[in-house]
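The values are calculated or read from the model by the stated rules, or taken from the named source; none is laboratory data. Predicted, not measured: the structure shown is a model, and the values here were computed from it. Cβ placement follows ideal geometry from the backbone for every residue including glycine, while neighbour counts extend to all protein chains displayed.
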Amino acid sequence: MELNLSPYQARVIGALIEKEITTPDQYPLSLNALTLACNQKSNRDPVMELDEGTVQDTLDELSKLRLVKEESGFGSRVAKYKHRFCNTEFSELQLTEQELGIVCVMLLRGPQTPGELRSRTNRLCSFSDVQQVERVLQKLAERDDGPFVVKLAREPGKRESRYAHLFSGEVSAADLAPASSTATAELDDDRLSQLEEDVASLRNEVAELRALLEDLTS
């Protein structure tokens, strides 16, 4: 599935997926509801201020790509819209609940760390721990019909690397995490863990020595 979604297209599809899961009774969305969803100040990065004309133009573009379908309810004159991005009879792309949750958050918020994804997908799906998030990310990166996500180079001062979706085109090679950087990051984490253990051990020894000294001087 080769796509190169614009920021507006990614926002519209992400908003439709989110509302389909979190507010199914209000889905499909009217143009007004979709515009409000795109412009939410929570769970969006960056925050946008799209007008209905821009959202309608974006819907028209996505309709030509067969990624959005207009669907009016019985007896309603208001046009409503639903995505055909994935998990429909019209889409080749089929995602699990967890894969869909990750992709949705990335479409709405950009690159994310596994820890961020675990907390920010809680209304869309559930993960038992960060390791499970990492396993799903690895599957998305290695799927035969993908890849759909890629691991980015770790930012200075950060303990986790971020992952980006590939539905808006390829990521710059300068942003990718090279194998050497990944190995170095893992080594740094191992060293940090070892230092933390050493410090804890030293604290215990100091406490024992203090207790022994108090016994001797009492």
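Ala79 satisfies every condition listed in (1) among the aliphatic types (A, V, I, L, M); (2) in contact with a Lys or Arg (Cβ under 9 Å, 6 or more places away or on another chain); (3) in contact (Cβ under 8 Å) with a residue 12 or more places away in the chain except (2). Scanning segment 34-43 for residues that are within 16 Å of Cys104 (Cβ to Cβ) and not in a loop (DSSP other than H, G, I, E, B) returns Leu34, Ala37, Cys38.
Here Val78 meets each of (1) among the aliphatic types (A, V, I, L, M); (2) loosely packed, with under 12 Cβ neighbours inside 10 Å; (3) modelled with pLDDT of 95 or more with one exception, condition (3). Among the conditions (1) farther than 24 Å from Thr121 by Cα; (2) surrounded by 12 or more Cβ atoms within 10 Å (Cβ to Cβ); (3) charged (D, E, K, R), Lys64 misses just one, which is (2).
With respect to Lys69, is the statement that it is farther than 26 Å from Ala164 by Cβ and of a type in the set (Lys, Arg) true? For Lys69, the condition - farther than 26 Å from Ala164 by Cβ and of a type in the set (Lys, Arg) - is met. Just one of the listed residues (Thr35, Thr121) is assigned by TED's automatic domain parsing to the domain that holds Glu155, without any contact (Cβ under 8 Å) to a residue 24 or more places away in the chain, surrounded by 17 or more Cβ atoms within 10 Å (Cβ to Cβ) and among the hydroxyl-bearing types (Ser, Thr, Tyr), and it is Thr121. A Cβ distance below 9 Å, combined with a sequence gap of six or more or placement on separate chains, defines the contacts here; from segment 8-20, residues that are over 14 Å from Thr35 (Cβ atoms) reach residues that are among the acidic types (Asp, Glu) and modelled with pLDDT of 95 or more in the pairs Gln9/Glu61. On the stretch given as segment 145-167, residues that are in a loop (DSSP other than H, G, I, E, B), crowded, with 16+ Cβ neighbours inside 10 Å and basic (Lys, Arg) total 2.
Taking segment 44-144 and the helices (runs of 4 or more DSSP H) fully enclosed by it, the elements with 1 or more residues that are over 16 Å from the mean Cα position of the chain (by Cα) and either closer than 25 Å to Leu176 by Cβ or hydrophobic (A, V, I, L, M, F, W, C) (or both) are at 52-64, 130-142.
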